[in-house]
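Asker: First the structure, which I've put down as structure tokens, then a few questions once you've had a look.
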Amino acid sequence: MERNQAVGLAVIAIVVVSIGFIAVWNPPPAPDVRIGYLSKDLHQLALRVAIVNGLFEREGINVDLVEFGNGALEMDGFLAGQIDMGYLGAAPAMLKRINQDILVTILAAVNLEGSAIMVSKEEYDAGHVTTIADLAGMGVFQPGPSTVQNFLLRLALNQSGLTYDNITAYTTSPSLMANSLTASSPAFIAWEPFNAKAEYDGLAVPLIQSGEIWPRHPCCVVASDNTYLAEHPDIVGKVLDIHIEAEEWIVNNPAQAIAIAIDWLEMDETPVTTAFNNIIFDYNVNRTGLEMYLDFLIHENQLIVDKIPADTSAFLDSFINTTHVDGLLFCC
């Protein structure tokens, strides 16, 4: 009996060691491209659609996906050499491109709109906070100082006669915002689906949708590290082709796209559908909108003075490259 056990253990040991040797001598292939994206961000559904529909495999591209909490952290990922391309907000891409010389290029858009300033349902129903102006002196949760949502919050405050200094901004994850609301910190701004989920759960109601703050405002974009773009234009081109195909598929197959989102986000159909309908999926870059971002970042003193481009138009020419997307638009 003991002899049989010993033999069995020896066989197991040999198998384990053999597997180890196989792993060493046959490591998984290196990815062709490492793509960053934001955690549970419905704006970036096109990337999930591309994965589920097997578009990368069809094109023979081995992809490594890297998740980040917000766009500012994803830009840090570019800086650290963790990713080659990424789905992220236009605002953090621009701000960190300028302030930290993180050399990336915007190649396509991902979506327009799709954010909201939400307020505690209890405070709203009590009539305490029913307008943006009512947020004066209160706390507002936002996902980070370099995010699109932070930009929109500043813009909404300015439109209501307030400034960013009239509130106390707290940085936290969108997944925690709805449960963090209090009478003194009754509002948050986040991307979908966190707004729709908070409303569905009865925790918050929309104070203002981002499309009301700025109709058809740019939001997420596809960007590439400049060195990677120069060295692998063929792979970048294929990724952009896949992105555009996925975006068009979403627009043409909304029910199927929502089904993919429900599975990905692990949420009920109602909040996912609400969130989906608050987003405009569009791969065309809104250069005018990016010019407005830049002007507002300068106005709000978000850029290091010595880093502000002397020629903003020339900077945007170097920061945005829609040659591939424009070529697809006009080739067929």
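Asker: In region 97-213, what % of DSSP beta bridges are antiparallel (nearest 5)?
Answerer: Values: 10 of 16 bridges.
Looking only at bridges with both residues in region 97-213, the antiparallel portion is about 60 percent.
Asker: Amide H of Ala204: which non-local residues (sequence gap of 5 or more, or other chain) have their own amide H closer than 5 Å, using H built in the peptide plane?
Answerer: Distant-sequence amide H within range of Ala204: Lys121, Glu199.
Asker: In degrees from 0 to 90, rounded to the nearest 10, what is the angle of the helix 90-99 Cα long axis to the longest principal axis of the chain?
Answerer: Compared with the principal axis, the helix lies near 90 degrees.
Asker: Lys238: which aspartates and glutamates have alpha carbons under 16 Å from its alpha carbon, excluding same-chain residues fewer than 8 sequence positions away?
Answerer: The qualifying aspartates and glutamates are Asp32, Glu57, Glu59, Asp64, Asp84, Asp225, Glu247, Glu248, Asp326.
Asker: Would you list which lysines come within 20 Å of Lys96, measuring only between C-alpha atoms, while excluding same-chain residues fewer than 8 positions from it?
Answerer: Lys307
Asker: Report ³J(HN,Hα) in whole Hz for each residue of region 149-162, in order, from the Karplus equation J = 6.51 cos²θ - 1.76 cosθ + 1.60 where θ = phi - 60°; Gly and Pro get x.
Answerer: The phi angles translate into 5, 4, 4, 5, 4, 4, 5, 5, 4, 4, 5, 8, x, 9 Hz.
Asker: In cubic angstrom, how much convex hull volume per residue do the alpha carbon atoms of region 115-213 span? Before the final figure, lay out each step's value.
Answerer: Working: hull volume 7.8 nm³, N = 99.
It is 79 Å³ per residue.
Asker: Share of antiparallel DSSP beta bridges in the chain, in percent to the nearest 5?
Answerer: Details: 24 of 39 bridges.
Percent antiparallel among DSSP bridges in the chain is about 60.
Asker: Based on the Cα coordinates of region 227-310, what is the per residue volume of their convex hull in Å³? Before the final figure, lay out the partial values.
Answerer: Values: hull volume 14.9 nm³, N = 84.
Per residue, the Cα convex hull of region 227-310 comes to 177 Å³.
Asker: Would you please give the residues with an amide H less than 5 Å from that of Val285, counting only those at least 5 places away or on a separate chain, with H modeled from the backbone geometry?
Answerer: Ala109
Asker: Follow-up question, since we're still on this one. Given H placed on each backbone N at 1.01 Å, which residues far from Thr130 in sequence or on other chains put an amide H within less than 5 Å of it?
Answerer: Sorted by chain and number, the residues that satisfy this come to none at all.
Asker: Which ordering of Glu245, Glu74 is given by a fewest-first count of other beta-carbon atoms within 10 Å?
Answerer: Glu245, Glu74
Asker: When Lys40, Lys197 are ordered from fewest to most other Cβ atoms inside 10 Å of their Cβ, what list results?
Answerer: Numbers: Lys40 20, Lys197 24.
Fewest-to-most ranking of Lys40, Lys197: Lys40, Lys197.
Asker: OK, next. Straight distance only, please: which aspartates and glutamates reach the Cα of Lys197 with their own Cα at less than 12 Å, same-chain residues fewer than 8 apart left out?
Answerer: Those aspartates and glutamates meeting the cut-off are Glu266, Asp268, Glu269.
Asker: Which ³J(HN,Hα) values, rounded to whole Hz and listed in residue order, are derived for region 112-126 from phi using the Karplus coefficients 6.51, -1.76 and 1.60 in 6.51 cos²θ - 1.76 cosθ + 1.60 with θ = phi - 60°, glycine and proline given as x?
Answerer: Running phi through 6.51 cos²θ - 1.76 cosθ + 1.60 with θ = phi - 60° gives 10, 6, x, 10, 7, 8, 9, 10, 3, 4, 4, 6, 5, 5, 7 Hz.
Asker: Of (1) 157; (2) 245; (3) 186, which one was derived for volume of the Cα convex hull per residue in Å³ from the structure shown?
Answerer: (3)
Asker: Using only the alpha-carbon atoms, how far is helix 254-265 inclined from the longest principal axis of the chain? Give it as 0 to 90 degrees, nearest 10.
Answerer: 70
Asker: How would you order 141-147, 60-66, 100-106 from highest to lowest mean count of nearby Cβ atoms within 10 Å? Don't skip to the end; give the middle numbers.
Answerer: On the way: 141-147: 23.6, 60-66: 14.9, 100-106: 18.4.
By packing density, highest mean first, the sequence is 141-147, 100-106, 60-66.
Asker: I'd like to compare 179-190, 262-273: which one has the highest average count of other Cβ atoms within 10 Å, and what's the full order after that?
Answerer: Numbers: 179-190: 19.8, 262-273: 16.4.
Taking the mean over residues of other Cβ atoms within 10 Å, the ranking is 179-190, 262-273.
Asker: Moving to a separate point now. Please list the radius of gyration and Dmax for region 46-104, considering alpha-carbon atoms only, with Å as the unit.
Answerer: When restricted to the Cα atoms of region 46-104, Rg and Dmax are 13.0, 39 Å.
Asker: Per DSSP helix of 4 or more residues, -39500 (n - 2.57); summed, then divided by the residues of the chain. What does that give at 222 nm, rounded to the nearest 500?
Answerer: Values: 17 runs with 164 residues, N = 332.
Rounded to the nearest 500, it is -14500 deg cm²/dmol.
Asker: Mind pulling the angle between the C-alpha long axis of helix 287-299 and the longest principal axis of the chain? Nearest 10 degrees, somewhere in 0 to 90.
Answerer: Helix 287-299 sits roughly 70 degrees off the main axis of the chain.
Asker: If neighbour count is taken as other Cβ atoms inside 10 Å, put Ile213, Ile308 in order from fewest to most. Present the calculation step by step, with values, prior to reporting the outcome.
Answerer: Values: Ile213 23, Ile308 14.
Lowest count first: Ile308, Ile213.
Each reported figure results from applying straightforward, stated rules to the coordinates on display, with no laboratory input. Please read these numbers as outputs of a predicted model, since none were measured by experiment. Don't worry about glycine lacking a Cβ; one is built from the backbone with ideal geometry, like all the others, and counts go over all protein chains shown.
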